[in-house]
Amino acid sequence: MSSLVTRLAPSPTGAMHLGNARTFMLTAWWAYSDGATSLLRIEDLDHPRKKPHSIESIREDLQWMGVNWDFETPIQSTRHASHLRALEALRSKGDVYVCKCTRQDVIDAQSAPHESLLDLVYPGTCRAATWDPRSHESNEGKALALRFRVPATPVSFDDRVFGPQTVDLARQSGDFVVGRIRADGEVEVGYQLAVVTDDAEDGVTHVLRGADLLLSAARQRAIQTALDLPTVTYAHFPLVVGTDGRRLAKRHGDTRLASLRDDGMTAERLWRWVASTISMPAATQAEVLSRQLNLSNIPRDPVVLTGRDLAWLCGRE
Ligand code: GLU
């Protein structure tokens with residue numbers, strides 16, 4: 001195994017779109033050009049949004065794109081025991097507490113307007129609490145959040161695409177959710193902690209993914225520090241947006257990989273489009289992959305996808 005290890009971490013929550021296809025291709029391209037080992041980890045903790053059959057179609061889509069991986073780790077939901085150990089390690093240091101606030105309580109407490117639920121800053125209402133899993137205090141049949149106490153000092157890291165980042169989590173996110181006590185008393189571990197635990201266990205050195213997770217990188221770095229885990233190098237790819245500057249969605253047309261493939265798109269054109277989005281135009285897929293992908297040369301602006309791009313991808317121009 002190379003000393004550089006990266007991962008493809010798709011979630012089976014729906015069809016593969018051009019945006020996430022591009023993230024996986026850039027990751028595979030970087031692994032190929034830098035001789036890194038890449039692993040596939042299916043992240044299926046997000047149960048309510050999980051779609052049947054999509055795990056198999058993720059593997060098929062990746063293979064169709066020509067995105068390879070060296071090995072596959074166990075599916076994330078089967079690693080519950082190790083996630084719980086990490087949660088217990090945080091709890092024993094006093095870094096996790098039980099929060100009784102509802103989502104509406106958190107929305108009502110916002111001092112600034114927010115664009116989405118992801119932008120909510122937790123105001124710290126329950127910060128004085130602790131969490132003792134042995135006290136059989138009833139949760140009155142309600143699910144309760146387990147929050148991680150963010151550090152008082154800002155978190156800094158160097159993103160290979162976006163450059164040096166300093167994030168004041170106390171101000172930009174507040175204590176965030178790392179788990180949940182379900183209404184039936186079972187404990188679930190959430191994405192932020194699971195991903196850090198898995199990356200450490202899998203020996204991941206480089207996390208390459210979409211820029212929507214840049215703030216999460218600061219959260220994950222804070223957890224790594226609290227658990228005394230090795231830090232990883234981050235590279236976040238700017239997102240693909242429509243001509244209105246908004247994140248790709250249905251209103252921008254059908255950008256699902258399967259639909260575009262039915263419409264004539266080839267993997268060859270997809271690789272060439274990906275290369276063109278980072279100002280490295282190439283005439284063939286082989287030419288793309290023969291080049292070194294230098295993460296620090298990737299432009300930071302979002303990638304605008306036009307109708308013309310879609311027509312070109314499908315061989316109509
Ligand atoms: N599974 C996450 C997603 O599909 C990616 C998580 C990560 O790369 O850390 O959005």
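Details
- Amide H to amide H, with H built 1.01 Å from N, Val303 comes under 5 Å of Leu239, Val240, Val241, counting only residues 5 or more places away or on other chains.
- Look at the dipole of the stretch 136-203 built from charges on Cβ: of Gly203, Gly174, Val161, the Cα furthest out on the positive end belongs to Gly174.
- Surrounding net charge for Arg79, when Lys and Arg each add one and Asp and Glu each subtract one, Cβ distance under 11 Å: -3
- Theoretical gain in end-to-end length, Arg291 to Asn139 [0.36 nm per residue, Cα-Cα removed]: 49.1 nm
- Largest first and in whole Å, the equivalent-ellipsoid semi-axes of the stretch 57-161 read 32, 22, 17, each the square root of five times a Cα gyration tensor eigenvalue.
- Here the simple spin-label model places points 7 Å from the Cα toward Cβ, and for Ser92 and Arg316 these points are separated by 6.1 nm.
- Within a Gaussian network of the chain (alpha carbon springs, distance under 10 Å), most fluctuating of Ser135, Ser276, Ser57: Ser135
- Rounded to the nearest 20, the size of the Cβ-charge dipole of the stretch 74-199 about its Cα centre is 280 debye, with Lys and Arg at +1 and Asp and Glu at -1.
- Residue (of Thr231, Thr23, Val150) at the positive-pole extreme of the chain, dipole from beta-carbon charges: Val150
- Column: log10 I(q)/I(0), Debye, Cα scatterers of the chain, q = 0.16 Å⁻¹: -1.44
- A Cβ-based charge dipole, computed about the Cα centre of the chain with Lys and Arg at +1 and Asp and Glu at -1, lands at about 380 debye.
- Beta bridge orientation in the chain: antiparallel %, DSSP, nearest 5: 55
- A viscosity of 0.890 mPa s and a temperature of 25 °C, combined with the Kirkwood radius over Cα pairs in Stokes-Einstein, give a translational diffusion coefficient for the stretch 206-317 of 154 µm²/s.
- Solvent-accessible surface of the stretch 101-214, averaged per residue with a 1.4 angstrom probe and all protein chains in place: 53 square angstrom.
- Between the beta carbons of Thr306 and Arg85, assuming R0 = 51 Å, the FRET efficiency works out to 0.60 to the nearest 0.05.
- Of all accessible heavy-atom area on the chain, the percent that carbon and sulfur account for (1.4 Å): 51
- With helices as the sole contributors, the chain gives -10000 deg cm²/dmol at 222 nm; each DSSP H run of n ≥ 4 counts as -39500 (n - 2.57), and the sum is divided by every residue.
The values are calculated or read from the model by the stated rules, or taken from the named source; none is laboratory data. Keep in mind that what you see is a predicted model, and the values were worked out from it rather than measured. Positions of Cβ are backbone-derived with ideal geometry, glycine not excepted, and every protein chain shown enters the neighbour counts. We work out accessible area using only protein heavy atoms, side chains counted, and drop any ligands, DNA or RNA first. Shrake-Rupley method; radii C 1.70, N 1.55, O 1.52, S 1.80 Å.
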